[in-house]
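*Asks:* Below is one structure. I have some questions about it.
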Amino acid sequence: HHRYETALEFYRQNRDQYPACSSILIYLVNACDPGMVVLPTHRVVHSLPDLDLIGFRNKLEEYFYVEKIDSQEKDLSSLLKKQQDAGKTAFIMGTREPALYLVVLRDNSHVQDSSPEKSLAWCSLDASVLQTLIFQKILDMSPEKIADQEHITYTREDAVALNTLNHDAQLVFLLNPTKISEIIKVASAGDKMPQKSTYFYPKLLTGLVFNDLKC
């Protein structure tokens with residue numbers, strides 16, 4: 001999508017000089033193909049000044065059910081999937097204590113109230129809930145800081161994410177993968193997906209295709 005947005009901006013700036021830039025190369029995939037999957041992208045929070053973990057937990061419990069789980073639990077992805085299969089929005093939160101918590105959304109209406117311009121499909125995404133209620137509302141991160149990754153880094157592996165708590169991370173959030181059906185609903189509603197919520201697999205082979213804009 002970065003390439004597509006860049007192509008759109010290039011077209012806006014150069015369409016009079018280079019009419020050929022109105023066309024771009026795209027790759028289409030059958031969304032129903034069983035080989036197409038979306039993998040989860042976990043969030044690592046760091047460098048927040050004066051983070052009060054007790055105060056954060058108290059605010060978190062206003063919007064979520066928070067349950068401490070065994071810090072030696074090995075199959076965290078299955079624990080999350082069980083919540084997803086039950087139609088719930090849930091995260092595994094890791095802290096420096098060290099401790100792990102199962103965090104389950106109480107009521108989606110809080111997301112809709114905070115983002116009235118967004119569709120219900122967008123507000124129902126796990127990544128949207130995390131961004132809107134936890135990062136913006138509770139941790140007071142601005143959308144600009146989130147977009148610039150000022151206090152957030154991303155990783156595909158849950159073990160890698162949790163290991164950062166031994167270093168500079170303050171909080172870690174493990175997510176379920178986004179469903180392809182959810183992506184279709186968001187697109188159909190005219191919204192864009194939240195940052196780092198569509199890690200499609202398998203990836204295309206890398207290559208270059210040149211388009212002579214002067215032709």
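*Asks:* What helices (runs of 4 or more DSSP H), lying completely within the stretch 53-129, carry at least 3 residues that are small (Gly, Ala, Ser)? I'd like the intermediate steps shown before the answer.
*Replies:* Details: elements: 53-63, 76-85, 109-114, 120-123, 126-129.
So the answer is none; nothing clears 3.
*Asks:* Might you check whether a residue that is of a type outside the set (Ser, Thr, Tyr), closer than 22 Å to His110 by Cβ and not in a strand (DSSP E or B) occurs anywhere in the stretch 197-213? Even if it seems obvious, please write down each step before you answer.
*Replies:* So the first thing to find is which residues in the stretch 197-213 are of a type outside the set (Ser, Thr, Tyr), and the list is 200, 202-205, 207-213.
Now restrict to residues that are closer than 22 Å to His110 by Cβ: none.
No, because not a single residue in the stretch 197-213 is of a type outside the set (Ser, Thr, Tyr), closer than 22 Å to His110 by Cβ and not in a strand (DSSP E or B).
*Asks:* Ok, one more. Run down Met141, Met193 and say which single residue is buried (at least 18 other Cβ atoms within 10 Å of the Cβ), among the hydrophobic types (A, V, I, L, M, F, W, C) and part of a loop (DSSP other than H, G, I, E, B).
*Replies:* Numbers: Met193 fails: buried (at least 18 other Cβ atoms within 10 Å of the Cβ).
None of the others qualify; the one that does is Met141.
*Asks:* Which of the residues belonging to the stretch 162-190 are over 30 Å from Gln112 (Cβ atoms) and part of a loop (DSSP other than H, G, I, E, B)?
*Replies:* Of everything in the stretch 162-190, those that are over 30 Å from Gln112 (Cβ atoms) and part of a loop (DSSP other than H, G, I, E, B) turn out to be His167, Asp168.
*Asks:* Same structure again: Search the stretch 158-177 for residues that are over 22 Å from Leu105 (Cα atoms) and charged (D, E, K, R) and pair each with any residue that is modelled with pLDDT of 95 or more and surrounded by fewer than 20 Cβ atoms within 10 Å (Cβ to Cβ) when their beta-carbon atoms are under 7 Å apart and the residues are at least 6 apart or on different chains.
*Replies:* Asp168/His46
*Asks:* Without any contact (Cβ under 8 Å) to a residue 24 or more places away in the chain, surrounded by 18 or more Cβ atoms within 10 Å (Cβ to Cβ) and of a type outside the set (Lys, Arg): does that describe Thr132? Even if it seems obvious, please write down each step before you answer.
*Replies:* Working: without any contact (Cβ under 8 Å) to a residue 24 or more places away in the chain: yes; surrounded by 18 or more Cβ atoms within 10 Å (Cβ to Cβ): yes; of a type outside the set (Lys, Arg): yes.
Spelling it out, Thr132 is indeed without any contact (Cβ under 8 Å) to a residue 24 or more places away in the chain, surrounded by 18 or more Cβ atoms within 10 Å (Cβ to Cβ) and of a type outside the set (Lys, Arg).
*Asks:* Given the criteria of a type outside the set (S, T, N, Q) and at pLDDT 95 or above, does Lys59 qualify? Write out each step before concluding.
*Replies:* Values: of a type outside the set (S, T, N, Q): yes; at pLDDT 95 or above: yes.
Yes; evaluated as a whole, the condition is true for this residue.
*Asks:* Kindly provide the set of residues from the stretch 158-193 that are farther than 18 Å from Leu120 by Cβ, in contact with a strand residue (DSSP E or B) (Cβ under 6 Å, 6 or more places away or on another chain) and polar (S, T, N, Q), ordered by number.
*Replies:* Within the stretch 158-193, Thr164, Gln170 qualify.
*Asks:* Provide a single number: the residues in the stretch 72-109 that are of a type in the set (Gly, Ala, Ser), over 20 Å from Ser197 (Cα atoms) and surrounded by 13 or more Cβ atoms within 10 Å (Cβ to Cβ).
*Replies:* Looking only at the stretch 72-109, we keep the residues that are of a type in the set (Gly, Ala, Ser), and these are 77-78, 86-87, 90, 94, 99, 109.
Filter once more, so that each one left must be over 20 Å from Ser197 (Cα atoms): 86, 99, 109.
Add one more test, that the residue is surrounded by 13 or more Cβ atoms within 10 Å (Cβ to Cβ), and what stays is 99.
Looking only at that region, the number is 1.
*Asks:* Return the residues of the stretch 110-127 that are acidic (Asp, Glu) and either closer than 20 Å to Thr198 by Cα or crowded, with 19+ Cβ neighbours inside 10 Å (or both); say none if nothing qualifies. Full working, then the answer.
*Replies:* First, pick out the residues of the stretch 110-127 that are acidic (Asp, Glu): 113, 117, 126.
Within the stretch 110-127, Asp126 is the sole residue that qualifies.
*Asks:* Restricting the search to the stretch 147-161, which residues are surrounded by 12 or more Cβ atoms within 10 Å (Cβ to Cβ), at pLDDT below 95 and not in a loop (DSSP other than H, G, I, E, B)?
*Replies:* Asp158
The values are calculated or read from the model by the stated rules, or taken from the named source; none is laboratory data. A quick note: this is a predicted structure, and the numbers were derived from the prediction, not measured. Cβ: placed from backbone, ideal geometry, glycine included. Neighbour counts: every protein chain shown.
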